[in-house]
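A quick write-up on the structure given underneath.
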Amino acid sequence: MLLFKEPDSTIFDPAQGDPGLVETVRNLGAADIFTCTQCGKCAAACPLVLTGFPFFNKRLIQTILMGFKELLLNDASIWACQSCNRCTEVCPQGIDSFGIILAARRFAVSEYALPAMAVEGLRSLYETGHAVHLAEAGPPRKKIGLPEKPPTTLASSKALGEVQAIIRRTALAKLGIIPMGPTGESLYGITDKKLW
């Protein structure tokens, strides 16, 4: 005998999905998302799966296809991806899986759904040219005979200026979450040209 039970809150009703989500994300760089067969090879190769993040590529694609916007925006796992591209390398369909993660990030940015860790990484990228910058690394580098600043944007104000110019031409400048002006103000509306 079957008994009526309240629906499990962890089960999502497909009728509640946003049918426009997939097209929005496709237009942000996930053009081949419909090619995914949900085989799971990306999950088998993903370091996020090994560390316990629940939102690896296979699930991300499924969430976008089902139109579950809130589920997508409320999980910070897309920001934990370390860009190893293993998912893309092993995909039997030749899908740019990492490109789908980037498209999901672009969508999240457009919805102001960035976790603090992403904002700090973006701020560091703008200020130093590195998403992860260890300010205290100079003395240990010098101690072992290396220059205090590695030959990257840290040692080249011209290169850092180029990185900053690129960032100011993206949607990030319009969001106003990273101080980008000479006095720390946001450069909202610096250009109409976007890189994504």
Check: Any residue in region 173-183 that is open to solvent by less than 30 Å² (accessible area, probe 1.4 Å), free of Cβ contacts under 8 Å to residues at least 24 places away in the same chain and out of contact with any helix residue (DSSP H, G or I) (no Cβ under 8 Å at 6 or more places or on another chain)?
Finding: yes
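Please specify each residue of region 39-60 satisfying the condition of being outside any loop (DSSP other than H, G, I, E, B) and closer than 24 Å to GLY20 by Cβ.
Filtering region 39-60 for residues outside any loop (DSSP other than H, G, I, E, B) gives 41-45, 47-51, 57-60.
ASN57, LYS58, ARG59, LEU60, listed by residue number.
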Note to self: Take the residues in region 128-169 that are assigned to a helix (DSSP H, G or I), closer than 22 Å to LEU102 by Cβ and not aliphatic (A, V, I, L, M); name whichever of them is most open to solvent (accessible area, probe 1.4 Å).
What the structure shows: GLU162
Next item on the list: Among the residues of region 147-165, write down those that are of a type in the set (A, V, I, L, M, F, W, C) and touching a residue at least 24 places away in the same chain (Cβ under 8 Å).
Entry: LEU154, ALA159, LEU160, VAL163
Notebook entry, point to check: What tally of residues in region 104-121 results from selecting those that are under 23 Å from VAL132 (Cβ atoms) and either open to solvent by less than 60 Å² (accessible area, probe 1.4 Å) or of a type in the set (S, T, N, Q) (or both)?
Noted result: 11
Check: Among all residue pairs at least 6 apart or on different chains, which show Cβ distances below 6 Å where the first residue, located in region 113-132, is under 17 Å from CYS81 (Cα atoms) and the second is open to solvent by less than 30 Å² (accessible area, probe 1.4 Å) and part of a loop (DSSP other than H, G, I, E, B)?
Finding: LEU122/ILE178
Notebook entry, point to check: For region 43-61, how many residues meet the condition of being out of contact with any Phe, Trp or Tyr (no Cβ under 7 Å at 6 or more places or on another chain) and in contact (Cβ under 8 Å) with a residue 40 or more places away in the chain?
Noted result: 4
Margin query: Name the single residue that is surrounded by the most Cβ atoms within 10 Å (Cβ to Cβ) among those in region 61-75 being within 16 Å of the chain's Cα centre (by Cα) and part of a loop (DSSP other than H, G, I, E, B).
Written below: ASP75
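Scanning region 76-118 for residues that are of a type in the set (Phe, Trp, Tyr) and in a helix (DSSP H, G or I), which turns out nearest to the chain's Cα centre (by Cα)?
So the first thing to find is which residues in region 76-118 are of a type in the set (Phe, Trp, Tyr), and the list is 79, 98, 107, 112.
After this cut, where a residue has to be in a helix (DSSP H, G or I) as well, the list is 79, 98, 107.
Values: TRP79: 4, PHE98: 9, PHE107: 9 Å.
Only one residue fits best here, namely TRP79.
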Check: Considering only region 14-28, how many residues are closer than 19 Å to ASP75 by Cβ and open to solvent by 30 Å² or more (accessible area, probe 1.4 Å)?
Finding: 5
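Go through region 36-52 and count every residue that is open to solvent by 40 Å² or more (accessible area, probe 1.4 Å) and closer than 28 Å to THR170 by Cα.
As a first pass, look at region 36-52 and keep what is open to solvent by 40 Å² or more (accessible area, probe 1.4 Å): 37-39, 41, 44, 47, 49-52.
Checking which are closer than 28 Å to THR170 by Cα leaves us with none.
Final tally of qualifying residues: 0.
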Check: So which residues in region 1-36 are at pLDDT 75 or above and small (Gly, Ala, Ser), if there are any at all?
Finding: ALA15, GLY17, GLY20, GLY29, ALA30, ALA31
Next item on the list: Can you run down the residue pairs with Cβ atoms below 7 Å, 6 or more apart or on separate chains, where the first is in region 62-85 and within 18 Å of VAL132 (Cα to Cα) and the partner is open to solvent by 60 Å² or more (accessible area, probe 1.4 Å) and among the aromatic types (Phe, Trp, Tyr)?
Entry: SER77/PHE53; ALA80/PHE53
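The values are calculated or read from the model by the stated rules, or taken from the named source; none is laboratory data. What you see is a predicted model, and the numbers here were worked out from it, not measured in a lab. Because the Cβ atoms are built from the backbone with ideal geometry, glycine has one as well, and the counts that use them run over all protein chains shown. When the accessible area is computed, the model is the full protein with side chains, heavy atoms only, and any ligands, DNA or RNA have been set aside. Shrake-Rupley method; radii C 1.70, N 1.55, O 1.52, S 1.80 Å.
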